[in-house]
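Quick one: structure below, then a few questions.
The values are calculated or read from the model by the stated rules, or taken from the named source; none is laboratory data. Treat the numbers as computed from the prediction; the structure is a model and nothing was measured. Cβ coordinates were reconstructed from backbone atoms using ideal geometry, including for glycine residues, and neighbour counts include every protein chain displayed. These area figures cover heavy atoms from the full protein model, side chains too; ligands, DNA and RNA do not enter into them. Shrake-Rupley method; radii C 1.70, N 1.55, O 1.52, S 1.80 Å.
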Amino acid sequence: LCGTLLDGKNITLLTQVSIIIEGNEITSLDKGFTKPASGDKLVDLSKKFVMPGLIDSHVHITHELGPNQILDEVTLTSSDAALEGAGYARITLLAGFTTIADLGAPNDAIFALRRAIRENRVPGPRILAAGSPITPDGGHGDANGFAPDVLNVLRSETACSGADACRRATRRQVQA
C-alpha cells in the first residue's frame with residue numbers, strides 16, 4: 001500500500017495506490033488500498049512516498065577514491081575489493097539505487113559480488129558488470145602513478161595496443 005507513488009512511466013504522482021507483486025514482478029497498480037488475498041504478504045507504506053528504484057549507469061562499486069588509493073593498489077587483493085564492494089553495494093541499495101552498471105573492477109571481485117547479490121547472499125542492487133576495463137597500454141584503466149619497475153608488475157592484463165592485442169583482451173573479457 002502506497003500513500004503517494006511516483007509513476008515513473010507517466011511522470012505523475014498517484015495517491016492511495018496498491019502495488020500488486022507476483023514473484024519478483026509488479027503485475028498491477030490498483031487505485032485505492034486493496035486487501036491482500038489470504039496468505040499474501042502486506043507491506044503497509046500507506047503513509048509513505050514510494051518511487052521506482054534508481055539506476056546509476058557509471059560506478060566503480062569495489063573501491064572509493066581516497067588518500068590511500070595508491071597504497072591500496074599494492075596492498076589489497078581482489079577479495080578485499082569484493083568485500084569492500086559488498087559494503088558499498090548495501091549503501092547504494094539503501095540510497096534507492098536498484099540497478100548499477102559497474103564499468104571497471106577486478107573480474108574476480110565484481111563477478112563474485114554480482115553473483116552474491118543475485119543469490120541474495122548479500123544486499124545490493126542488480127549489477128551490470130564490465131569487469132576489468134580494456135584500456136590502451138598506459139591509459140586510464142592501466143596502472144599509473146608508480147615507479148617504472150613497479151608499473152611492469154602492476155600492468156593491467158586487459159591493457160592493449162594495436163587491433164590484434166585489443167581483440168584478444170576483448171575476447172578474454174567476454175569469456176570471463
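Considering only strands (runs of 3 or more DSSP E) fully contained in the stretch 1-70, which possess at least 3 residues that are among the polar types (S, T, N, Q)?
12-22
Could you tell me which of the residues Asp108, Asp149, Asp142, Asp164 is outside any strand (DSSP E or B), at pLDDT 95 or above and more than 15 Å from His63 (Cβ to Cβ)?
Asp164
Here are the criteria: (1) at pLDDT below 95; (2) part of a strand (DSSP E or B). Tell me which single one Ile100 does not satisfy.
With respect to (1) at pLDDT below 95; (2) part of a strand (DSSP E or B), Ile100 is out only on (1).
Another question, then. Conditions first: (1) surrounded by fewer than 14 Cβ atoms within 10 Å (Cβ to Cβ); (2) under 24 Å from the mean Cα position of the chain (by Cα); (3) among the small types (Gly, Ala, Ser). Ala89 passes all but one, so which condition is the exception?
Unmet for Ala89, out of (1) surrounded by fewer than 14 Cβ atoms within 10 Å (Cβ to Cβ); (2) under 24 Å from the mean Cα position of the chain (by Cα); (3) among the small types (Gly, Ala, Ser): (1).
For (1) loosely packed, with under 11 Cβ neighbours inside 10 Å; (2) closer than 26 Å to Glu119 by Cβ; (3) in contact with a His (Cβ under 7 Å, 6 or more places away or on another chain); (4) of a type in the set (Asp, Glu), each residue gets a yes or a no:
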site	(1), (2), (3), (4)
Leu14	no, no, no, no
Leu29	no, no, no, no
Asp44	yes, no, no, yes
Asp56	no, yes, no, yes
His60	no, yes, no, no
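Going by what's in this entry, would Gly32 be described as within 30 Å of Gly141 (Cα to Cα) and either in contact (Cβ under 8 Å) with a residue 12 or more places away in the chain or of a type in the set (A, V, I, L, M) (or both)?
no
Counting only residues that are touching a residue at least 12 places away in the same chain (Cβ under 8 Å) and more than 25 Å from the chain's Cα centre (by Cα), which one in the stretch 156-176 is farthest from Asp102 (Cα to Cα)?
Ser161
A further question on this structure: Which residue pairs have Cβ atoms under 9 Å apart, sit 6 or more places apart or on different chains, and have a first residue in the stretch 1-18 that is in contact (Cβ under 8 Å) with a residue 24 or more places away in the chain and a second that is assigned to a loop (DSSP other than H, G, I, E, B) and among the β-branched types (Val, Ile, Thr)?
Leu1/Thr34; Leu1/Val43
Then there's this: How many residues are open to solvent by 50 Å² or more (accessible area, probe 1.4 Å), under 23 Å from Gln175 (Cα atoms) and in contact with a strand residue (DSSP E or B) (Cβ under 8 Å, 6 or more places away or on another chain) when one looks only at the stretch 92-110?
1
Sticking with this structure for a sec: Restricting to the stretch 116-143, and then to whatever is free of Cβ contacts under 8 Å to residues at least 24 places away in the same chain and of a type in the set (D, E, K, R), can you tell me which residue is least open to solvent (accessible area, probe 1.4 Å)?
Among residues in the stretch 116-143 that are free of Cβ contacts under 8 Å to residues at least 24 places away in the same chain and of a type in the set (D, E, K, R), the one least open to solvent (accessible area, probe 1.4 Å) is Asp142.
Please verify whether Leu128 is modelled with pLDDT of 95 or more and assigned to a strand (DSSP E or B), treating the condition exactly as stated.
yes
Only residues that are among the acidic types (Asp, Glu) and at pLDDT below 90: list them for the stretch 1-24, please.
The one that is among the acidic types (Asp, Glu) and at pLDDT below 90: Asp7.
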